[in-house]
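First comes the structure, then the notes that go with it.
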Amino acid sequence: MAGARPPAGGLGVSLTRVAARLTTPFAYLAVLGGLQLSVLWTLRPHIGIWLPATATVGLVVVLVLVRLKPGPGLATWGVAALGAFTAIGPTLSAMLERPRVGLTMEHDGMLQVESAIDRVLGGQPVYGVDWSATPMARLPWDLTTGGNPALHHMAYLPLTVLVGIPFRLLTGALGLPFDYRIVLIGFALLGLIAIAALPLSAERRMMLMAAIYVSPLITLYLWSGRNDIEFLAAVLLSLTFLSRGHPILASGALGIAVALKPFAWLAVPFLLLLLLTRWRSGQGHRELLTSLAVLVITPIVTIIPFFIANPQAFWTDVVLYTSGGVPDAYPIQGYGFGAMLYATGLITHRTDAFPFGAFQLAAVVPVIWLAGRALTRRPTVGRWMAGYAGALLAFMFFARFFNDNYVAVVITLFLCVLPLGAASLAPSRADRAGRLAA
């Protein structure tokens, strides 16, 4: 007897049900939180046992709250508290232990930025500088011969250094040791506030908090002092302002993100599309021009003085070093196209030059074109994030290096697409009516 056929569309229905179960606050927290706990327990020689133990209890309590649904407010506050604890707790622990045990899990870039802050306060240049006499030089390096090439180049944009100056002055006035991670904690809290202010349901906010804060994809690198949380928090803030109908503030926040890290540039086309959409709907020239002005003001004010001070040094450190234009360029590594070329022998040395820019352009332009058309047809927060994440993936994959923390950022952004959902970014009827009345 022949077996009964499954109903038409049965496989599609099953996959849809599986996807629905995996894309809930409980699933996000259980999977990502479980990964977070695994990393925390692995790092207990560095952070002790009370942090992972407390996080374990906290995750169980939050999962129970989410499952029982006593009220969206209580569960949301629970997820926010758990995210803040698992993201900031290990960071604070590492900061407090550093004066006693020295350098352990600190990232070399963080140490370089700390030294750069001291140089700026002393009126000294930070581009075209030899960093061999700084704490960064004490970290081991075996990827290429000749030592860490970052000892002769600083790839970070000036704002990354400048935002640390107030914290450096404050800790100095209090007689406390300065650790750049205090700046990163500030941005982490800003990002958490931005998520809380998004016009979304409590369930979607919980998923976003879980994706970014109750997950090792971002927090693992935050603990060691990598600065991706800075531009990510600024992008989230920009999206919050945009979703609440404040394009000028959104442009200013994205301008800060751009001034912090070049990766934020790939979000600019999608912001411009939305600004044009608002202009075509009758919002007027003033909003468009003001938004464009505040978008570029922070990059101009923070970059131009350092560029004018030494154009060749700035260009070499920020552009040529990362793109392969100098003999000791940033090494080809990671999980992308460059690493594939090196592994197959098509590139002999990690510091070799290669026209990665052409491949990046060929990959990014179609993504922006297709995502931009989709966003224009239906301007939603989810489509905005999907377009940005797709463009960033194309750009990073075909770059010289697609480091582990960059992979984590891209995955995190894609995890944010569904929670952001179909919330509209189009001008509201009240906005359009107000414009017509004026």
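Nothing in this text is a laboratory measurement; each read-out follows from the coordinates by a stated rule. Given the structure is predicted, the values throughout are model-derived calculations rather than measurements. Here Cβ is always computed from backbone atoms with ideal geometry, including for glycine, and neighbour counts include all displayed protein chains.
Could you tell me which of rounded, prolate or oblate describes the chain, using a ≥ b ≥ c as the square roots of the eigenvalues of the alpha-carbon gyration tensor, with rounded for a/c under 1.5 and, failing that, prolate when a/b is larger than b/c and oblate otherwise? Rounded is the answer for the chain, as its axis ratio a/c remains below 1.5. Per-residue extension of 0.36 nm, minus the Cα-Cα distance of Arg138 and Thr376, leaves a gain of 80.6 nm for this segment. Each of Leu169, Leu68 was scored by other Cβ atoms within 10 Å of its Cβ. Listed from fewest to most, they are Leu68, Leu169.
Between Met207, Thr144, Pro305, whose Cα lies farthest towards the positive end of the dipole of the chain when Lys and Arg beta carbons carry +1 and Asp and Glu beta carbons carry -1, centred on the Cα centre? Going by the charge dipole, the pick is Met207.
The residue among Phe395, Ala362, Ala374 whose Cα reaches farthest toward the positive pole of the charge dipole of the range 323-438, with charges on the beta-carbon of Lys, Arg, Asp and Glu, is Ala374. For Trp77 and Thr348, a Förster radius of 45 Å and the Cβ-Cβ distance give a FRET efficiency of 0.25, rounded to the nearest 0.05. Dipole check for the range 159-236: with +1 at the C-beta of Lys and Arg, -1 at the C-beta of Asp and Glu, and the Cα centre as origin, the magnitude is about 40 Debye. Between Leu22 and Leu176, the simple spin-label model (points 7 angstrom out along Cα→Cβ) gives 4.3 nm. Subtracting the Cα-Cα distance of Val101 and Gln124 from their residue separation scaled by 0.36 nm leaves 5.3 nm.
Which of the listed residues, Thr351, Ala264, Val60, is farthest toward the dipole's positive end in the chain, when Lys, Arg count +1 and Asp, Glu count -1 at the beta-carbon? The one lying farthest along the dipole's positive direction is Val60.
In the range 184-305 the Cα-Cα distances spread across 5 Å bins starting at 0 as 2, 12, 19, 21, 19, 14, 8, 3, 1, 0 percent of all pairs. Using a/c under 1.5 as the rounded threshold, could you call the range 28-174 rounded, prolate or oblate? The axes a ≥ b ≥ c are square roots of the C-alpha gyration tensor eigenvalues, and prolate needs a/b larger than b/c, oblate otherwise. Prolate, because a/c is 1.5 or more and a/b exceeds b/c. Is the shape of the range 288-337 best called rounded, prolate or oblate, per the rule: a/c under 1.5 gives rounded, else a/b larger than b/c gives prolate, else oblate, with a ≥ b ≥ c the square roots of the Cα gyration tensor eigenvalues? Here the range 288-337 falls in the oblate category.
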